[in-house]
Structure formats: C-alpha cells, structure tokens
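K.L.:
I'd like to ask you about the structure that follows.
The values are calculated or read from the model by the stated rules, or taken from the named source; none is laboratory data. Predicted model, so just to flag it, every value in this text is computed and none were measured. Cβ coordinates were reconstructed from backbone atoms using ideal geometry, including for glycine residues, and neighbour counts include every protein chain displayed.
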Amino acid sequence: MKVTFAEARPQGAYALALPVWSESMLNERLSGLDENARRLAARAAEAQRFEREPAAIAETFYAEGESARRLLLAGLGGKRDDEALFERVGGALTAKLLTSGETRLVIDLSGLDVSGEDAARIGFGARARSWRYDKYRTKLAKKQKPSLEEIVIVGAGQGADVAWQRRSALLDGLFLTRELVTEPANIIYPETFVERVRVELEGSGVEIDVLDEGQMAELGMGALLGVGQGSVRPPRLLAMRWNGAGDANRKPVVFVGKGITFDTGGISIKPAAGMEAMKWDMGGAGAVAGAMKAIATRKARANVVGICVLAENMPDGNAQRPGDVVTSMSGQTIEVINTDAEGRLVLADAMTWAQRTYQPEVMIDLATLTGAMIIALGFEYAGLFSNDDQLADRLTSAGAASGDKLWRFPLGEAYDKQMDSPIADMKNAGPREGGSIMAATFLQRFVEAGTKWAHLDVAGTVWANKPGTLYDKGATGYGVALLDRFVADNYEK
Ligand code: BES
Ligand code: MN
Ligand code: ZN
C-alpha cells in the first residue's frame, strides 16, 4: 500500500475520510457535500454513537454523480496532547478499509490546521497498520485479501514531504523487523537471518561483519557457543555499522539484540503448549536490524552499530547440560543452572565483544529475555534497566514519543549477590522472584567499567495476540521507532 500527498482530491473512485476535532467542525467539514449527503453523514454519526473520540470512525455512503461514495468520519478527540494521535487515526482508517473492497482512500485534511509532520504521521499509521505477511497462505479467498492500494492525503501542511521521507524510512525498518520476527525458525535461523539482512541493507551504506563459530572459538566466546552447540544450525554474530556522523572517530551508539532463532529451552526443555511462540525469541535482534535499516535509509547524522547475536537453543546429544560450566569471552565463568536461561548467555559474549570492538558511547541491548517481564508489565510496556540515569531518562522519553513505551526497574547489590555460584563466578539463573531483575543483574556483570548501558526486556512487546492500532495480530515491530527516535533526539545535533 502506498501513501501519496496531493493539493486537491483526485478524480475517479475513492473512499473519503474526513478527520474532525469537534461537533461544530463536523458541519464545516461536510460543507463540500450537498444537502442530502450532509444529512446522511450527520445521521450516520448519531446512529453510530460517534462522538469524535480519538480514532473513532463513523461510516456512511452518499450519492456522488451516478455512483455512491463511502464516507468515513474520523475522530481526533478534543485536544492534541497525545503525540501518537495522528498515527492512531491513520491506523484506524486502514484497519477499517484494508480488506473492504475499496482500493483508494482520500484523507482530506484541508482546513484542519494540521502540520506536515501530523499529516506524515497519519500516513505512517495507515501504512504501518496495512502490513501483513501472506507468503505462506496459498488459499486466501478474494474477500480476505487486502484491497486497499493507495492512500492520498489532501491538504497536508508545510513540510509533509520531508516528514514523510523520515517516516517512510522508519516503515522500511519496521517492516523488515516484522518480517524477520514472523518468519518461522525453519526459514530464519542464524545463517539465513544474516543473509536476509545482508540483502535488505545492500546499497544502504551499512558495513557488515559476520563472525562464525571458528572466530567465536578464537575469541573465547564459550557462553555463546555453549548455547548453540545443541543445534545443527551454527551460531552467527552479525555486526552492522552505520557511520553517518561525518566523523568516523566519534564513538558509536551500539545496539545489541538477542537473536535466538528458536528457543526450545534446550535440555531444560519448555512445555509443548505455546512453544511455537519461541520463533520470535529473536525479536530483539529483529528490532536492531530494522532500526539499522531505518537509520541508514534516512541517512541519520550519527554513528550507530547494530549487533545481532544469533543462535538456536536445542536439546541434543551434544547440547549443553544443566550444571555445565562455561567460560565467557570476558574470562568470567558461568554455571549453567538452566539451559533455558540462554539469552543472557549469548548476550554476555556479544556485549563483551561489542565493548572491546567499538568502545561505545552507550550500549543498549534488546532481548525477549524473561517470561517474568510479561508477568510484571503485561504487553503494554517493555522493561528498562540501566546503570545511568541520563540514559534511562532519554530512553524513557524516546519511548513515550515513539509509542514504544518503557518502564524502569531497579538493579543493585542485593539482587546481584543472588547470582553467585558455589562452583563458578556466577550462575545463569537465580530465584524466580524478580526474575527479570535477576536476568538484568546477570547481564550487568558483563558491562565494563565506564560503559553506559541499558537493557530492554522486550518479551511482552514484540508479538501481539490481538490487533493494535499500528499492527495486526502478530509481529509488532516494537523497538524500531524507539531506537530511531533515541538516535534522532540525542545524537544528531
Ligand atoms: N525466551 C525466553 C523468555 C520468554 C518467555 C520470552 C516467554 C517471551 C515469552 C527465555 O529464554 C527464557 O526461557 N527465560 C526463562 C528464564 C528462567 C529459566 C530463569 C524464563 O523466563 O522462564
Ligand atoms: Mn529460554
Ligand atoms: Zn529465550
């Protein structure tokens, strides 16, 4: 589905959407229509209890020449305090029309006094909500297939084109992430993840480096290799570097994503029910890849490195056992109490490598790390852990502004000592209570002196069991808008 901007409504067939702020505005917005059409619209609003709530829609048809046109009144609410309002309106319109049979939608903003940025936001929401992945559905009936091909936004304020370019880059990244997260684990595994991303970033200016098992062994990445050793699919570490600051020596912002392409739990195997969800245990890595695409596509004026640590966690004759002791790249030893606490193991080595290779300005990891995160926060917020208050505040703000919301959790000595092991430097799993904090505390042991670090536990936010305003059921693309916004607000000045 494409989004275009125009001065005036086009010729030909289309559905018409009129966003409205207020009751009095309703009449004004309908003033282009004849008496009959206005009466129909007013009655439709009343009959559908349309009170212009944000993203509410009332629908009717009116006679237009020989034919009839579908008219959608879209609520904007009473005030504009919510940054995401226009995105939600766009998303709601697409949700309504995507498979309706309409092929074109005109959203007329004339006279609304909205900025070009707001108009681009409507387009963003509309296109974000249109994404679906029908690749494996060979028997979709015509009625189930999307019909909506184009959205024309009329009367956008100044600067809509520039704002749209940015949003469009963000959508490219978002869609890459959703695709990676949606693909099953027989299609996307460490090697194919790397290849898919390589193709997607071709010509973008992003430099790609990949470590294989041999190189990991040389570097002493025993924690990462231990997780991958039960799988016939070898692990990979993918590094994507974008140098946009104009000064290659400026320290980069570094993102590290957990990329377990399937998590069975290993020998500490998970129950069968719902295990298929663990194909999206690479949601952190997916978000990092998508963010790199967005950042490079819009040519962000910042140095950013994205690292995806990729492995498959399988039970096998060669899999690691509970009780095994592994030596991480940092030199610290880990007793593997539970092979299902594998995310923190792969991240430990990826974080050590990231710090030693790039001397990050800040290092932020994203991981579907703990089920406990979903118990704590549900599906609305991701958890934030950090050793730096300014970094935590900046991430929280970027989260609020982008719609990828974050909530901060504590770290500290009292939690940390519960990760001590009687046989090694630490164990990989502590008590169940405060499980997400235990995991974050483990990761913190791999943060080197002077590194500003944040950990985002995105277990509850990368996949949705019901449709949201900007996504259908399935992969949400959580994290892409957040990271893009975080870079834009803090490192491009
Ligand atoms: N990938 C899971 C966490 C997860 C669970 C994400 C459900 C999304 C939905 C992670 O590898 C895991 O298995 N964590 C364990 C840790 C425990 C063994 C200490 C968990 O949360 O149960
Ligand atoms: Mn696990
Ligand atoms: Zn996992």
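K.L.:
On the given criteria, is A13 touching a residue at least 60 places away in the same chain (Cβ under 8 Å) and under 29 Å from G403 (Cα atoms)?
P.N.:
Details: touching a residue at least 60 places away in the same chain (Cβ under 8 Å): yes; under 29 Å from G403 (Cα atoms): no.
So A13 does not fit the description; no.
K.L.:
What do you reckon, is A464 surrounded by fewer than 19 Cβ atoms within 10 Å (Cβ to Cβ), within 16 Å of the chain's Cα centre (by Cα) and not acidic (D, E)?
P.N.:
Yes, satisfied.
K.L.:
Confirm whether L170 is farther than 30 Å from A17 by Cα and surrounded by 21 or more Cβ atoms within 10 Å (Cβ to Cβ). Even if it seems obvious, please write down each step before you answer.
P.N.:
On the way: farther than 30 Å from A17 by Cα: no; surrounded by 21 or more Cβ atoms within 10 Å (Cβ to Cβ): yes.
Spelling it out, it is not the case that L170 is farther than 30 Å from A17 by Cα and surrounded by 21 or more Cβ atoms within 10 Å (Cβ to Cβ).
K.L.:
From F255, F262, which residue is modelled with pLDDT of 95 or more, aromatic (F, W, Y), within 16 Å of ligand 1 (Cβ to nearest atom) and under 22 Å from the mean Cα position of the chain (by Cα)? Before you say what the answer is, go through the steps one by one.
P.N.:
Details: F255 fails: within 16 Å of ligand 1 (Cβ to nearest atom).
Among F255, F262, only F262 is modelled with pLDDT of 95 or more, aromatic (F, W, Y), within 16 Å of ligand 1 (Cβ to nearest atom) and under 22 Å from the mean Cα position of the chain (by Cα).
K.L.:
In segment 329-343, which residues are touching a Leu at 6+ places or on another chain (Cβ under 6 Å) and within 12 Å of ligand 2 (Cβ to nearest atom)?
P.N.:
Taking segment 329-343 as the starting set, the residues that turn out to be touching a Leu at 6+ places or on another chain (Cβ under 6 Å) are 329, 343.
Within segment 329-343, just G343 meets the criteria.
K.L.:
Which of the residues spanning segment 418-437 are within 16 Å of ligand 2 (Cβ to nearest atom) and either touching a residue at least 60 places away in the same chain (Cβ under 8 Å) or part of a strand (DSSP E or B) (or both)? Steps first, please.
P.N.:
Step one: list which residues in segment 418-437 are within 16 Å of ligand 2 (Cβ to nearest atom), which gives 427-430, 432, 435-436.
Those that are within 16 Å of ligand 2 (Cβ to nearest atom) and either touching a residue at least 60 places away in the same chain (Cβ under 8 Å) or part of a strand (DSSP E or B) (or both): K427, N428, A429, R432, G435, S436.
K.L.:
Any chance you could count how many residues in segment 344-368 are closer than 17 Å to L211 by Cβ, of a type in the set (V, I, T) and either within 16 Å of ligand 2 (Cβ to nearest atom) or not assigned by TED's automatic domain parsing to the domain that holds A440 (or both)?
P.N.:
1
K.L.:
Test M292 against the criterion of being in contact with an Asp or Glu (Cβ under 7 Å, 6 or more places away or on another chain) and either within 19 Å of D457 (Cα to Cα) or outside any strand (DSSP E or B) (or both), and give yes or no. I'd like the intermediate steps shown before the answer.
P.N.:
Working: in contact with an Asp or Glu (Cβ under 7 Å, 6 or more places away or on another chain): no; either within 19 Å of D457 (Cα to Cα) or outside any strand (DSSP E or B) (or both): yes.
No.
K.L.:
Please work out which one of (1) touching a residue at least 60 places away in the same chain (Cβ under 8 Å); (2) assigned to a helix (DSSP H, G or I); (3) surrounded by 15 or more Cβ atoms within 10 Å (Cβ to Cβ) is the condition L18 fails and give its number.
P.N.:
L18 satisfies every listed condition except (2).
K.L.:
Would you check which residues across segment 43-97 are within 29 Å of the chain's Cα centre (by Cα), hydrophobic (A, V, I, L, M, F, W, C) and closer than 15 Å to E23 by Cβ and list them?
P.N.:
Residues satisfying the conditions are A56, A74, L76.
K.L.:
Right, G228: surrounded by fewer than 18 Cβ atoms within 10 Å (Cβ to Cβ) and either under 19 Å from V362 (Cα atoms) or within 16 Å of ligand 2 (Cβ to nearest atom) (or both) or not? Give the steps one after another, and end with the answer.
P.N.:
On the way: surrounded by fewer than 18 Cβ atoms within 10 Å (Cβ to Cβ): no; either under 19 Å from V362 (Cα atoms) or within 16 Å of ligand 2 (Cβ to nearest atom) (or both): yes.
Here the answer is no, as G228 does not meet what is asked.
K.L.:
Here's something else I'd like to know. Do you know which residues across segment 352-373 are surrounded by 18 or more Cβ atoms within 10 Å (Cβ to Cβ) and either in a strand (DSSP E or B) or within 16 Å of ligand 3 (Cβ to nearest atom) (or both)?
P.N.:
V362, M363, I364, D365, L366, A367, T368, L369, T370, A372, M373
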